[in-house]
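The values are calculated or read from the model by the stated rules, or taken from the named source; none is laboratory data. Treat the numbers as computed from the prediction; the structure is a model and nothing was measured. Here Cβ is always computed from backbone atoms with ideal geometry, including for glycine, and neighbour counts include all displayed protein chains. Side chains included, ligands, DNA and RNA excluded: accessible areas come from the protein's heavy atoms. Shrake-Rupley method; radii C 1.70, N 1.55, O 1.52, S 1.80 Å.
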Amino acid sequence: MHYTNLKPFPKDFLWGASTSAYQVEGAWDEDGKGKSVIDMMEHPEGTAGFTVASDHYHHYKEDIKLFHELGLKAYRFSIAWTRILPEGTGTVNEKGLAHYERVIDELLRYGIEPIVTLYHFDLPYALEEKGGWNNRETIDAFVNYARILFEHFGGKVTHWLTINEQNTLILHPGAVGIPKGGSLPSKKELYQQNHHMLVAQGKAMSLCHELCPQAKIGPALNMTSMYQATSKPEDAIAAHNWEVLRGWSFLDLAVHGRYNRLLWSYLEERGWIPAIKEGDLLAIQQGQPDFIAINYYSTATIAESTGDASDVSPRAGDQQIMLGEPGVYRPEENPYVDKTKYGWVIDSVGLRLTLRKVYERYQLPIIITENGIGAPDELTEDGAVHDDYRIDFIQAHLEQIQWALSDGVEVFGYCPWAAMDVVSTHQGYAKRYGFIYVNRGEFDLKDMSRIKKDSFYWYQRVIASNGNEGLSQRT
Ligand code: BG6
């Protein structure tokens, strides 16, 4: 659909940026913090670990000042569960609460709205040792943890996110790290974990509405659209299979509180139906999201499964590299799009399509809580970082958001990944995303100084003009 005039960004649009606790904070064992699964898992050799990260824990004041200079209206970050409850349950660590209180107050002082993710991949290791999300007790642990945050910060935080990318945790558990010893949970276990997370999420959303009536809460999923490789009808079925299993099945539960029928048939056929206790579905149904948060990086192209092992990509999948599954779908190349150095498809138009589909299906306001391009940014001799590829990437995606707004989609914010350089989930500091460069190498911590990249100045101009400058106004 073409328009003569594109709709402007809403005047209260939340121009933001994102990080997550374990990828940015460092201070992994300070001030009473307990160990999380991230601290205990095996990570690729030769890449930076998460112990120091970008040392945001100690530099948060300087960083927030820079976010203010950037013009951010919102900062999306996660709270480390293990700073609040080092063992996942039990005694509250007051120093952890005090830290986030300072961070939130500092943001509010600058007029930056905190958007808080309750849980971004870093489950307390003490809970993992008791079975993690396989264990139903983790549901109560999560709800108890959420209650502490709602009671403590409910008057200051108006946007909460429940679980970051539950679909990544279930479909690509290795993306978060490999448990020591090397084995990942079975698919049956993963779908049981999924069910427990959904119950926990439903209860947390209900609790948020009860304790913080002025606040809004929603799930944050990694969403994408699937293209069928050809006009062959079987390719269309395969693309639909994977679009449902990877995205809709998670959101259907979070929003409508019911298992998607196709997911159910898939689970039934394989003997993976989770154990569901009385009251679970009601808890999922009662927890109603106020909005949907999506993390969007790329699209995928899908063909009919050949039914044998050749469907599975020889290169291990990750959040954005589709693995393939015999009898379900097979990933294909898309000749119409580029890829990042790490093989992630670059497809800004796919964002417009994804926004349209999510909105059409759920009719809830949408915020984009991640979107960005990972690259081995270089600090050049002139003391700058010339990341024009990041400007191109974000510009193209913002333009497509404007098209989606013009299509009638309610998008109320954009928080690209990342506010500043953070440790990538598997590629350390070789793969950077931020508007602010952190001067450290994989292992050489250098001076950790913060350097504004070219994209910083560009995004600053976009925000200051509410999207009127820095984008090409194509119609
Ligand atoms: C998202 C995660 O899936 O992708 C982030 O929520 C992650 O935690 C981001 O960092 C980018 O992925 P990566 O693997 O390039 O760090």
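Quick rundown of the values:
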{"quantity": "Extreme residue, farthest from the ligand (Cβ to nearest atom), among residues of segment 410-428 that are over 17 Å from GLN319 (Cβ atoms) and open to solvent by 10 Å² or more (accessible area, probe 1.4 Å)", "calculated": "GLU410"}
{"quantity": "Failed item in (1) open to solvent by 10 Å² or more (accessible area, probe 1.4 Å); (2) outside any strand (DSSP E or B), with CYS208 passing the rest", "calculated": "(1)"}
{"quantity": "One residue from ARG352, ARG361 being basic (Lys, Arg), surrounded by fewer than 20 Cβ atoms within 10 Å (Cβ to Cβ) and either within 16 Å of the ligand (Cβ to nearest atom) or over 23 Å from SER54 (Cβ atoms) (or both)", "calculated": "ARG361"}
{"quantity": "Only one of GLY287, GLY307, GLY279 that is open to solvent by less than 70 Å² (accessible area, probe 1.4 Å) and either of a type in the set (Lys, Arg) or free of Cβ contacts under 8 Å to residues at least 12 places away in the same chain (or both)", "calculated": "GLY279"}
{"quantity": "Residues that are under 19 Å from the mean Cα position of the chain (by Cα) and either β-branched (Val, Ile, Thr) or assigned to a loop (DSSP other than H, G, I, E, B) (or both), drawn from segment 211-228", "calculated": "ILE217, MET223, THR224, SER225"}
{"quantity": "Any hit, segment 378-400, residues being over 21 Å from the mean Cα position of the chain (by Cα) and open to solvent by less than 10 Å² (accessible area, probe 1.4 Å)", "calculated": "yes"}
{"quantity": "Restricting segment 25-52 to residues that are under 23 Å from the mean Cα position of the chain (by Cα) and farther than 22 Å from ALA126 by Cα, the residue that is least open to solvent (accessible area, probe 1.4 Å)", "calculated": "ALA48"}
{"quantity": "Condition met for SER206 (polar (S, T, N, Q) and free of Cβ contacts under 8 Å to residues at least 12 places away in the same chain)", "calculated": "no"}
{"quantity": "Yes/no for LYS431 being within 16 Å of the ligand (Cβ to nearest atom) and basic (Lys, Arg)", "calculated": "yes"}
{"quantity": "Residue that is within 16 Å of the ligand (Cβ to nearest atom) and among the polar types (S, T, N, Q), where the choices are THR51, THR117, THR82, THR91", "calculated": "THR117"}
{"quantity": "Elements of type helices (runs of 4 or more DSSP H) in segment 1-94, at least 3 residues being more than 18 Å from VAL423 (Cα to Cα) and of a type outside the set (Phe, Trp, Tyr)", "calculated": "56-70, 81-84"}
{"quantity": "Within segment 173-184, considering residues that are away from the ligand (no atom under 16 Å from the Cβ) and without any contact (Cβ under 8 Å) to a residue 24 or more places away in the chain, the one nearest to MET197 (Cα to Cα)", "calculated": "LEU184"}
{"quantity": "Residue tally, condition away from the ligand (no atom under 16 Å from the Cβ), hydrophobic (A, V, I, L, M, F, W, C) and not in a loop (DSSP other than H, G, I, E, B), over segment 253-297", "calculated": "11"}
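Yes/no per residue for (1) in contact with a helix residue (DSSP H, G or I) (Cβ under 7 Å, 6 or more places away or on another chain); (2) away from the ligand (no atom under 16 Å from the Cβ); (3) at negative phi; (4) open to solvent by 10 Å² or more (accessible area, probe 1.4 Å):
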{"residue": "PRO124", "(1), (2), (3), (4)": "yes, yes, yes, no"}
{"residue": "GLU137", "(1), (2), (3), (4)": "no, yes, yes, yes"}
{"residue": "VAL143", "(1), (2), (3), (4)": "yes, yes, yes, yes"}
{"residue": "ALA146", "(1), (2), (3), (4)": "yes, yes, yes, no"}
{"residue": "PHE150", "(1), (2), (3), (4)": "yes, yes, yes, no"}
{"residue": "PHE153", "(1), (2), (3), (4)": "yes, yes, yes, no"}
{"residue": "VAL157", "(1), (2), (3), (4)": "yes, yes, yes, no"}
{"residue": "ASN164", "(1), (2), (3), (4)": "no, no, yes, no"}
{"residue": "LEU171", "(1), (2), (3), (4)": "yes, no, yes, yes"}
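Yes/no matrix, rows are residues, columns are (1) β-branched (Val, Ile, Thr); (2) within 13 Å of the ligand (Cβ to nearest atom):
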| position | (1), (2) |
| --- | --- |
| THR299 | yes, no |
| ILE302 | yes, no |
| PRO314 | no, no |
| PRO335 | no, no |
| THR340 | yes, yes |
| ASP347 | no, no |
